[in-house]
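Values in this text are rule-based calculations from the coordinates and carry no lab data. It should be emphasised that the depicted structure is a prediction, and the values quoted were computed from it without experimental measurement. No Cβ is skipped: glycine too gets one built from the backbone with ideal geometry, and neighbour counts run over all protein chains shown.
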Amino acid sequence: MDPIFGSNDGHEIEYFTAHGYACVIVDVRGTGASLGDRKMEFSPEEVADGNEIVNWIAAQKWSDGNIGTTGVSYLGTTAEMLLRAQHMAQIATSGTAIYRIGGWYDGALTRGLLDASLNTPNTVKVLVGPWDHGPADNVSPFALSKKVNFNIHAEMLRFFDYYLKGIDNGIENEPKYTYFTVRDRSLQARHSNYADRREEDKKLLSFTSEAINEPMQITGHPVLRLNLSADADDATVFCYLEDVGPDSSVTYITEGMIRPIDRKVTAMYNTICHTLSIHTRKRIR
């Protein structure tokens, strides 16, 4: 399944059918090969269609009634919405297990991934890698290549095998949260493949820490407490957290933004996991 556009290239189907699964792909109403009207994204009618679809699958001779769903982006949301369907398949059972997979560089969806895991008690596994939307590419600043060197399909298979087939593969004993640390020296290149931000930083107000004498790992929500005054009714504030190397090269780590007019509302923090090496410095722009 193409992670961006949802078009099927056959590889995912071949992988899962080779491991004893029947695969069904359905276009939502009013799209592709499906008839009907599509009034809006995730309409009540679209969500209700899941009931008919899953009941049909459960009634087939080749089905044992245990159904798992998967998808990326819009498809991931439609897969989760099937949990609202009232049908006879096991997916409707209270507490249906959810495995959420995302990337540190997937924009606001990284925050959404973690928020969803905290607000759904049936989320049993969460995996966050150095990926973008999909995950289609490894977009860590320190990646040796853009290739995703993690078998997502194999990880999905482990989850399905345990929860749908009852295969004891140990996945239930693993930590709920697994995440990739950006710039882990055992896996990453020494130098960044992002553009050096030294020249860009000359245009910005910056605050740079003293050199770090021991490795430091930053995991979670970096928070900046900022006091400012302005002669305008509103403003747009951008903040960049950067890694300043021993050679003074500057590498982007993450960013945050807010309009002061909304300052009484909880800020949308970007979540990261990054390792700073010895003799580097932190810089806030």
Local net charge near ARG29, Cβ-Cβ under 11 Å (Lys/Arg +1, Asp/Glu -1): -4
Alpha carbon centroid spacing (whole Å) that separates segment 103-170 from segment 47-83: 20 Å
Theoretical FRET efficiency, 1/(1+(r/R0)^6), r = Cβ-Cβ of ASP247 and GLU200, R0 22 Å, to 0.05: 0.85
Gyration tensor (alpha-carbon) shape descriptor, segment 116-163, a/c threshold 1.5: oblate
Using a Förster distance of 51 Å, the FRET efficiency for LYS39-ASN213 (Cβ separation, nearest 0.05): 0.30
Over 30 Å (Cα to Cα) - which of LYS125/LYS146; LYS146/LYS176; LYS39/LYS146 fall in this group: LYS39/LYS146
For THR254, net neighbour charge (Lys/Arg +1, Asp/Glu -1) across residues whose Cβ lies under 11 Å away: -3
Integer Hz, Karplus 6.51/-1.76/1.60 couplings in order for segment 238-246, x for Gly and Pro: 10, 10, 10, 9, 10, 10, 9, x, x
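So, R0 is 51 Å and r is the distance between the beta-carbons of LYS147 and SER229; what FRET efficiency does that work out to, to 0.05?
Given R0 = 51 Å and the Cβ-Cβ separation, E is 0.60.
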Other-chain or far-sequence residues with amide H under 5 Å of ASN138's (modelled H): LYS147, VAL148
For TRP56, TRP104, order by how many other beta-carbon atoms lie within 10 Å, fewest first: TRP56, TRP104
